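The values are calculated or read from the model by the stated rules, or taken from the named source; none is laboratory data. Because the structure is a prediction, the values reported are computed rather than measured. All Cβ positions, glycine included, derive from the backbone under ideal geometry; neighbour counts span all protein chains shown. For accessibility, only protein heavy atoms count, side chains too; no ligands or nucleic acids. Shrake-Rupley method; radii C 1.70, N 1.55, O 1.52, S 1.80 Å.
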Amino acid sequence: MASQNVLTPQSEDFPRWYQDVVAKAEMADNGPVRGTMVIRPYGYAIWERIQAEIDARIKEAGAQNAYFPLFIPESYFSKEAQHIEGFSPELAVVTHAGGEKLAEPIVVRPTSETVIGEFMAKWIQSYRDLPLLLNQWANVVRWELRPRLFLRSSEFLWQEGHTAHASYEDASRYARRIHTDVYNDFLEKVLAVPTFLGIKPASERFAGAINSMTCEGMMRDGKALQMATSHELGQNFAKAFDIYFQNEQGQAELCHTTSWGASTRLVGGLIMAHGDDRGLVLPPRLAPTQAVVVAVRDEPEVNEACERIAAQLKGAGVRVLVDKGRGSFGRRLTDWEIKGVPVRIEVGPRDLAQGVVAMARRDSGAKVTLAIESLATQVPDLLEEIQGLMFEGALSFRDGLTRDVSSIPEAVEAAQDGFARLAWDLVGAEGEAVLRADAITVRCLQRADGTMPVSDDESGLICIVSKSY
RNA sequence: CGGGCUGUAGCGCAGCUUGGUAGCGCGCUGCGUUCGGGACGCAGAGGUCCCGGGUUCAAAUCCCGGCAGCCCGACCA
């Protein structure tokens, strides 16, 4: 019996395909309130892997984890003019509590610059207290008009870093370090998603920032997804919250702050960057389960052999799971494919008689026969090989759909199914408005050599434009 | 928040036009036969027909109002 399509094919209806994967891979469900999301164990396991990898990099960059409250006084938001203007449409506000109307409404945090600013002001006295490098893992609420599981939900999980520095240079250097050493390193090395690093044009900048940086990835339908962002906040929040320090000369100076975040949206990006018509395809370094040992039949000898093989693999550092042979074989294979497990090892009585197993890889679908004793050395190598190939594949896919163009009409044409790259001088604020009519936005600004500019004032910048999530 | 489409068993849907006993496929439970790419037989369980109101002898079906989902826009991690 041939395996049939369990999912809507990508080519037929990409958004439908996405929803099918989220449902059939048991990643998430809609919550009862519009825009909310229930993250199921498999989806959460993926998020935990993302967290672990990003958290380790954040700590490597010297920031410490802390936790600030969910509830923020509404008055805090009014302290930074652009911040309140940018966020007010998305705020959820608590007006009643304890059975009474509150004297001052409480905002459910959409981001924590304001509360953290308040405490930075309290904690920072001297230049010796700087830099102050904080991070928190938290949920935030931004009321969404058009929610989509993982990609845009009214409540989502994320990590938000907040730092204070003695100088513009130090703050800028640190925000850029986070952008490359934490986010981009994670995206390329673990998520196997190549990105365009750049700065946002003023129209797309974070409310209250002097500069926003982005990692833009391309999804399988050619649309862009902002996968992480870092902001240079200048002295805007320092002014609003009186974040001063005494310099070596004993004079009071305003701090320069940064903030940076990555969210559960990454799970959606992961699905759309690598998935195919058979479901998820997880990069091995990220996969909660890297290899599944599937018993062809539910027989004691077979199950025992599976356990032995799994123990060997575990000993070799592989995250492995055993699927004992309950239920139909084909059905179980399909389920593991939908879940994107990178390597599948099939063990049946015929194999055991010969001391071999069948090993299938999720990325290419190729199946080979291998000696059982070689698995502990071969599987880890194969996982690394798949990791590399997935990045290469995503890179060539993206580069194939990224075209250099020299006019806005050409950009519109190219952005129907991919990215267009053109001189920023040809676009500008007026060009952005024209592109917007076709649902195309400027994803980022780069220098001609692809590196990140200091600001959008630099001459000779190019921009990458596309449709986006 | 605008425009379009849709809410009936866990999932996908029919039934609604023309009001009159709530159905199908998949899945689920039990038993048996199977098992190397979504197996088969038999028996079974499972429903506030999204919610509230209205019309009617009678509403899944007609009317009004909500809520929720999907797609397309404007806003965003």
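Farther than 30 Å from A:Thr8 by Cα, without any contact (Cβ under 8 Å) to a residue 60 or more places away in the chain and not assigned by TED's automatic domain parsing to the domain that holds A:Gly355, is that true of A:Gln246?
Details: farther than 30 Å from A:Thr8 by Cα: yes; without any contact (Cβ under 8 Å) to a residue 60 or more places away in the chain: no; not assigned by TED's automatic domain parsing to the domain that holds A:Gly355: yes.
Spelling it out, it is not the case that A:Gln246 is farther than 30 Å from A:Thr8 by Cα, without any contact (Cβ under 8 Å) to a residue 60 or more places away in the chain and not assigned by TED's automatic domain parsing to the domain that holds A:Gly355.
Looking at this structure, is A:Glu80 open to solvent by less than 80 Å² (accessible area, probe 1.4 Å), in contact (Cβ under 8 Å) with a residue 12 or more places away in the chain and over 22 Å from the mean Cα position of the chain (by Cα)?
Numbers: open to solvent by less than 80 Å² (accessible area, probe 1.4 Å): yes; in contact (Cβ under 8 Å) with a residue 12 or more places away in the chain: yes; over 22 Å from the mean Cα position of the chain (by Cα): yes.
In short, yes.
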Conditions (1) open to solvent by less than 50 Å² (accessible area, probe 1.4 Å); (2) more than 30 Å from A:Val454 (Cβ to Cβ); (3) touching a helix residue (DSSP H, G or I) at 6+ places or on another chain (Cβ under 7 Å); number of the one not met by A:Thr114: (2)
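Looking only at segment A:331-341, filter to residues that are near RNA strand B (Cβ under 7 Å from one of its atoms) and more than 24 Å from the chain's Cα centre (by Cα); which one of those is nearest to A:Ala287 (Cα to Cα)?
Within segment A:331-341, the subset near RNA strand B (Cβ under 7 Å from one of its atoms) is A:331, A:333-335, A:337-338.
After this cut, where a residue has to be more than 24 Å from the chain's Cα centre (by Cα) as well, the list is A:331, A:333-335.
Numbers: A:Arg331: 21, A:Leu333: 17, A:Thr334: 17, A:Asp335: 15 Å.
Applying the filter and picking the extreme gives A:Asp335.
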Residue within segment A:377-389 that is free of Cβ contacts under 8 Å to residues at least 24 places away in the same chain, more than 12 Å from RNA strand B (Cβ to nearest atom), farther than 30 Å from A:Val434 by Cβ and within 24 Å of the chain's Cα centre (by Cα) present: yes
Can you tell me which residue within segment A:9-54, out of those that are without any contact (Cβ under 8 Å) to a residue 40 or more places away in the chain and buried (at least 17 other Cβ atoms within 10 Å of the Cβ), is nearest to RNA strand B (Cβ to nearest atom)? A:Asp20
Being within 16 Å of RNA strand B (Cβ to nearest atom), outside the structural domain of A:Asn139 (by TED's automatic domain parsing), aliphatic (A, V, I, L, M) and open to solvent by less than 10 Å² (accessible area, probe 1.4 Å) narrows it down to one residue among A:Leu280, A:Leu225; which is it? A:Leu280
Restricting segment A:55-75 to residues that are of a type outside the set (Lys, Arg), touching a residue at least 60 places away in the same chain (Cβ under 8 Å) and open to solvent by less than 60 Å² (accessible area, probe 1.4 Å), the residue that is farthest from RNA strand B (Cβ to nearest atom): A:Gly62
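For segment A:249-260, indicate whether the set of residues that are more than 12 Å from RNA strand B (Cβ to nearest atom), in the same structural domain as A:Ser112 (by TED's automatic domain parsing) and of a type in the set (Val, Ile, Thr) is non-empty. Walk me through how you get there before you give the answer.
Step one: of segment A:249-260, the residues more than 12 Å from RNA strand B (Cβ to nearest atom) are A:249-258.
If we keep only those that are in the same structural domain as A:Ser112 (by TED's automatic domain parsing) as well, we get A:249-258.
Next, only the ones that are of a type in the set (Val, Ile, Thr) stay: A:257-258.
The answer is yes, given that some residue of segment A:249-260 is more than 12 Å from RNA strand B (Cβ to nearest atom), in the same structural domain as A:Ser112 (by TED's automatic domain parsing) and of a type in the set (Val, Ile, Thr).
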Of the criteria (1) touching a strand residue (DSSP E or B) at 6+ places or on another chain (Cβ under 9 Å); (2) open to solvent by less than 60 Å² (accessible area, probe 1.4 Å), which one A:Trp123 fails: (2)
Reported set for segment A:311-329 where residues are surrounded by fewer than 14 Cβ atoms within 10 Å (Cβ to Cβ) and within 12 Å of RNA strand B (Cβ to nearest atom) is A:Arg326, A:Gly327, A:Ser328
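Specify the residue that is nearest to RNA strand B (Cβ to nearest atom); the eligible residues are those in segment A:342-355 that are buried (at least 17 other Cβ atoms within 10 Å of the Cβ) and over 20 Å from A:Asp298 (Cβ atoms). Break it down stepwise before answering.
Here is the first cut: in segment A:342-355, the residues buried (at least 17 other Cβ atoms within 10 Å of the Cβ) are A:342-348, A:351-352.
Imposing the further condition that a residue be over 20 Å from A:Asp298 (Cβ atoms) reduces the set to A:342-343.
On the way: A:Pro342: 13, A:Val343: 11 Å.
Applying the filter and picking the extreme gives A:Val343.
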Testing A:Ala439 on (1) away from RNA strand B (no atom under 15 Å from the Cβ); (2) farther than 15 Å from A:Ser212 by Cα; (3) out of contact with any Leu (no Cβ under 8 Å at 6 or more places or on another chain), one condition comes back false. Which one is that? (1)
Of the numbered conditions (1) over 19 Å from A:Leu270 (Cα atoms); (2) at pLDDT 95 or above; (3) touching a helix residue (DSSP H, G or I) at 6+ places or on another chain (Cβ under 7 Å), A:Pro349 satisfies every one except a single condition; which is it? (2)
Return yes or no: is A:Arg285 at negative phi and in a loop (DSSP other than H, G, I, E, B)? yes
Please go through segment A:228-248 and pick out each residue that is in a strand (DSSP E or B) and more than 10 Å from RNA strand B (Cβ to nearest atom). A:Ser230, A:Glu232, A:Leu233, A:Gly234, A:Tyr244, A:Phe245, A:Gln246
From the residues in segment A:174-183 that are open to solvent by 10 Å² or more (accessible area, probe 1.4 Å) and touching a residue at least 40 places away in the same chain (Cβ under 8 Å), which one is nearest to the chain's Cα centre (by Cα)? A:Asp181
Taking the condition under 15 Å from A:Gln51 (Cα atoms), surrounded by 20 or more Cβ atoms within 10 Å (Cβ to Cβ) and in contact with a helix residue (DSSP H, G or I) (Cβ under 9 Å, 6 or more places away or on another chain), does A:Leu197 pass? no
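Could you tell me how many of the residues in segment A:1-58 are of a type in the set (D, E, K, R) and closer than 18 Å to A:His274 by Cα?
So in segment A:1-58, the residues of a type in the set (D, E, K, R) come out as A:12-13, A:16, A:20, A:24, A:26, A:29, A:34, A:40, A:48-49, A:53, A:55, A:57.
In the following step, the residues that additionally are closer than 18 Å to A:His274 by Cα were identified as A:12-13, A:16, A:20, A:24, A:26, A:49.
Residues that pass the stated criteria total 7.
Answer yes or no as to whether A:Gly250 is open to solvent by 10 Å² or more (accessible area, probe 1.4 Å), of a type in the set (Gly, Ala, Ser) and either in contact with a strand residue (DSSP E or B) (Cβ under 6 Å, 6 or more places away or on another chain) or farther than 30 Å from A:Lys339 by Cα (or both). Don't jump to the end; show me each part of the working.
Numbers: open to solvent by 10 Å² or more (accessible area, probe 1.4 Å): yes; of a type in the set (Gly, Ala, Ser): yes; either in contact with a strand residue (DSSP E or B) (Cβ under 6 Å, 6 or more places away or on another chain) or farther than 30 Å from A:Lys339 by Cα (or both): yes.
In short, yes.
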